[in-house]
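Reading through the structure tokens given below for one structure.
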Amino acid sequence: MANSILDSTKDKLGLSKDYTVFDSAIIDYINSVFFTLNQIGLGPSTGFSILDDSDNWQDFLGDETRLQAVMAYMYLKVRLLFDPPSTSFVIDSMNNMAKEMEWRLYIFAE
């Protein structure tokens, strides 16, 4: 598992960590997802954001059991913002998966 939040998200998007053209956009999307995660009760109470590839998943949640679910949720949300699928069926499916994950993470945080 990659420790870097940016690098692991880029990897799931199919981008090499050395390909930095879209980094600023991806970082913005990642930070918007962290805002949502903070609102549902995950991560540091003061909020969390990244600046570059030096920020790690452990900085956000530590070695918690929720980490894999958070990483999957992050991918879905960033993918929908950065590179949405071309068909509405796939978009709807991804949105539904993200909503379910969000609900489950919220329940777990409670």
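Key figures
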| read-out | value |
| --- | --- |
| Residue among L61, L76 that alone is of a type in the set (A, V, I, L, M, F, W, C), in contact with a helix residue (DSSP H, G or I) (Cβ under 7 Å, 6 or more places away or on another chain), open to solvent by less than 70 Å² (accessible area, probe 1.4 Å) and modelled with pLDDT under 95 | L61 |
| Some residue of segment 68-75 being touching a residue at least 60 places away in the same chain (Cβ under 8 Å), under 15 Å from F35 (Cβ atoms) and in contact with a Ser or Thr (Cβ under 8 Å, 6 or more places away or on another chain) | yes |
| Qualifying residue in segment 33-44 (condition: over 22 Å from W103 (Cα atoms) and not small (G, A, S)) | no |
| Where S88 falls short, out of the listed (1) of a type outside the set (A, V, I, L, M, F, W, C); (2) closer than 20 Å to S8 by Cα; (3) open to solvent by 30 Å² or more (accessible area, probe 1.4 Å) | (2) |
| Test: residue in segment 34-57 that is farther than 23 Å from S4 by Cβ, of a type outside the set (S, T, Y), open to solvent by 40 Å² or more (accessible area, probe 1.4 Å) and part of a helix (DSSP H, G or I) | yes |
| Subset of segment 91-110 [among the hydrophobic types (A, V, I, L, M, F, W, C) and open to solvent by less than 70 Å² (accessible area, probe 1.4 Å)] | I91, M94, A98, M101, L105, A109 |
| Which listed residue, of A25, A69, is surrounded by fewer than 19 Cβ atoms within 10 Å (Cβ to Cβ), aliphatic (A, V, I, L, M), assigned to a helix (DSSP H, G or I) and under 12 Å from the mean Cα position of the chain (by Cα) | A69 |
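The values are calculated or read from the model by the stated rules, or taken from the named source; none is laboratory data. A quick note: this is a predicted structure, and the numbers were derived from the prediction, not measured. Note that we place each Cβ from the backbone using ideal geometry, even for glycine, and neighbour counts take in every protein chain shown. Ligands, DNA and RNA are excluded from the accessible area calculation, which covers all protein heavy atoms including side chains. Shrake-Rupley method; radii C 1.70, N 1.55, O 1.52, S 1.80 Å.
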